[in-house]
Structures are given as structure tokens and as C-alpha cells.
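Please read through the structure below; I'll follow up with questions.
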Amino acid sequence: MLVVTSGDVYTDLDVLACAIAYGEILNKTHRPALVYLPGPLNESITSSMRNWDFKYQTKLEPGDYQYVIVDVSDPDHISRVVDPTKISKIYDHHFGHEDYWRSRIGDGAHIEPVGACATLIWEEAVKKGATLSQISVNLLYTAIFSNTLNFNASVTHDRDKRAFAQLGKLVDLPPNWPEIYYSELEADVFANPSEAIVKDIKTTVLSKFPHPFIIGQLELWNSQKFLVNHMGTIKEALQAHGNPYWFFTSPSISDGHNYLYTENPGLKDLLTRLIGAKFTGDLGTTDKLYLRKEILKKLQEYK
């Protein structure tokens with residue numbers, strides 16, 4: 001039996017879309033599979049989307065499994081129940097662990113520089129001639145524009161745009177779905193800001209630095225409003241990790257740049273050098289949109 005899974009801290013939209021769709025691809029090509037996602041859904045899956053009829057397991061019974069991993073390739077972030085020697089495939093778009101996996105599973109490692117892992121999964125569906133359900137099509141379509149910040153992020157690839165266009169012919173969503181999605185996302189976040197922040201915090205260890213980084217991220221239509229109203233909540237959530245090297249980044253899609261928050265002078269200086277951040281006190285801005293993974297890549301490449 002094949003198990004499609006990811007990490008276990010939280011389940012974001014790209015993870016959900018990829019896991020549901022790839023599980024369906026396997027089952028429709030006569031390879032029995034189940035989807036196991038132990039992490040709670042985070043804010044990127046909006047209230048109305050949670051009523052979509054997707055199904056997965058949050059607990060995994062003991063068994064003889066082979067694993068397909070989606071949207072993560074850092075060995076430290078893969079679900080703890082996974083036996084790493086039984087991973088047969090990985091689909092991811094995050095940098096840093098390509099050689100590690102290619103040396104272990106060879107052609108089973110599909111780690112490629114696209115904006116959304118959902119793009120890779122859609123390409124697999126096309127390659128295998130698998131007709132996906134409406135739910136999977138809608139999830140992949142939404143994950144692609146969400147993970148590329150509505151195609152404004154620099155990680156956006158022509159492959160993302162092509163997959164989005166192909167899926168756009170198949171979805172049964174309103175024509176203005178991206179606008180509806182971001183409006184719902186913002187309403188959900190403002191309704192429960194603490195939970196939204198906690199469910200999208202990533203702890204990252206980079207070999208060039210003697211300490212881990214604690215990075216919170218929320219992608220919003222209007223990030224400035226959120227930061228101004230909820231700085232105390234952000235600080236409390238990030239400081240709870242007991243590490244002074246924390247910062248919060250929020251791409252503000254309506255005005256095309258990020259809002260940043262940190263109280264660490266060294267981090268302010270680092271973010272200024274890496275992404276041209278301009279700080280006034282503890283709040284900073286950038287001159288274009290950055291996803292967390294793009295900032296992490298610049299940290300990894302820092303000399």
C-alpha cells in the first residue's frame with residue numbers, strides 16, 4: 001500500500017491539494033493508495049473550502065507501506081511516522097535537499113524550481129492520463145495561484161501559468177475565485193489571528209548560521225492593516241519558541257510588497273541586506289513581494 005503524506009506540524013493548501021490529487025492519480029492508475037495528513041489545516045484553506053468533499057486520514061494504522069512525499073523535502077520536516085528507507089517518491093519545490101534525495105531514490109526525486117508543488121502534481125496527472133475529480137482540480141487550481149501570490153512572486157514559472165490555464169478550463173469555480181479566496185482568507189485570519197499565526201510558523205536550521213530561525217508568514221490582501229492591529233499577538237506567538245531570531249513576514253498582495261516585523265537588530269540588518277527591507281522601528285517593508293521560501297533561499301545563499 002502506498003501512503004501519500006507530507007509534514008505533521010500543519011497542512012497548508014499546497015500540501016492538501018497535492019496529497020489529495022496524487023492519491024487520486026495512484027488509485028486511478030491501479031496503485032492502491034491512501035492520503036495521510038496528520039497536521040491541522042492552516043489558514044490557507046478557507047472556511048468555504050473546508051466544506052469541499054476531500055477525504056484523508058489523520059491517523060495511520062501500522063502496516064507495510066511505501067511513501068510518496070509531497071511539498072516537503074527537508075528530512076527533519078517529513079512526518080515522523082514515515083520510515084525514510086521506504087520513501088519511493090518526493091514531489092517538492094523547496095530548495096536545499098535535491099542531492100540528498102537523488103542519491104537515495106534517484107529518479108523518484110522530483111524537486112523542481114516551480115512556484116507551486118501543485119504544478120508538478122498536475123503535470124503528473126497529464127502525463128499519466130488520469131482524469132481528476134472536480135475537488136482535486138479545484139484544489140490544484142487554487143493552490144497554484146495562492147503559492148505564487150497570484151503570479152506576482154518571483155518564483156512563478158511558466159509551468160505554473162500553463163498548469164493554471166489548463167486547470168482553468170476544468171474548474172467549476174466562479175470567474176472571480178481568486179478575489180473571493182483572498183477575501184475569505186483575510187476574513188478568517190482576522191476572526192482568529194492567534195490561531196492563524198501559530199499554524200504558519202516554520203523553524204528552519206541553516207548550516208551557515210549558528211542558530212535556527214523562527215519565521216511566521218501570512219499571505220493577505222492587506223497585510224499592513226493586520227500588522228498594525230495584531231503586533232502583540234504576532235510577538236507572543238513567535239517569542240513562545242524561545243529563540244530571539246524570529247521574524248514575521250506578510251506578503252501584501254494588494255500593494256505588491258511585504259510587511260515585516262522583528263525586534264532583533266541583527267535580523268533587521270540581515271533582511272535589509274538580503275531583500276532590501278526598509279525598517280522604521282520594528283516594522284519593515286520591501287519593494288516587491290517575497291514568499292518565505294524565497295527569503296529562506298537568500299539566507300541559504302548568504303555569504
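Do you know which of the residues in region 186-200 that are hydrophobic (A, V, I, L, M, F, W, C) and surrounded by 20 or more Cβ atoms within 10 Å (Cβ to Cβ) is farthest from Val72 (Cα to Cα)?
Val189
Where in region 179-259 are there strands (runs of 3 or more DSSP E), lying fully within it, with 3 or more residues that are touching a strand residue (DSSP E or B) at 6+ places or on another chain (Cβ under 8 Å) and in contact (Cβ under 8 Å) with a residue 60 or more places away in the chain?
213-217
Go through region 80-117 and give me each residue that's touching a strand residue (DSSP E or B) at 6+ places or on another chain (Cβ under 9 Å) and of a type in the set (A, V, I, L, M, F, W, C).
Val81, Val82, Ile87, Ile90, Phe95, Trp101, Ile105, Ala109, Ile111, Cys117
Could you list, in sequence order, the residues of region 39-88 that are of a type in the set (A, V, I, L, M), in a loop (DSSP other than H, G, I, E, B) and touching a residue at least 60 places away in the same chain (Cβ under 8 Å)?
Result: Val72, Ile78, Val81, Val82.
Further question on the same structure: Tell me the residue from Ser183, Ser146, Ser103, Ser207 that is of a type in the set (Ser, Thr, Tyr), closer than 24 Å to Ser254 by Cβ and surrounded by fewer than 22 Cβ atoms within 10 Å (Cβ to Cβ), please.
The match here is Ser183.
Go over the candidates Gly7, Gly23 one by one and state the one that is without any contact (Cβ under 8 Å) to a residue 40 or more places away in the chain, surrounded by 13 or more Cβ atoms within 10 Å (Cβ to Cβ), assigned by TED's automatic domain parsing to the domain that holds Val114 and not in a strand (DSSP E or B).
Unique residue meeting the criteria: Gly23.
The values are calculated or read from the model by the stated rules, or taken from the named source; none is laboratory data. Note that the structure is predicted; figures quoted are calculated from it, not measured. Neighbour counts run over all protein chains shown; Cβ positions are idealised from the backbone, glycine included.
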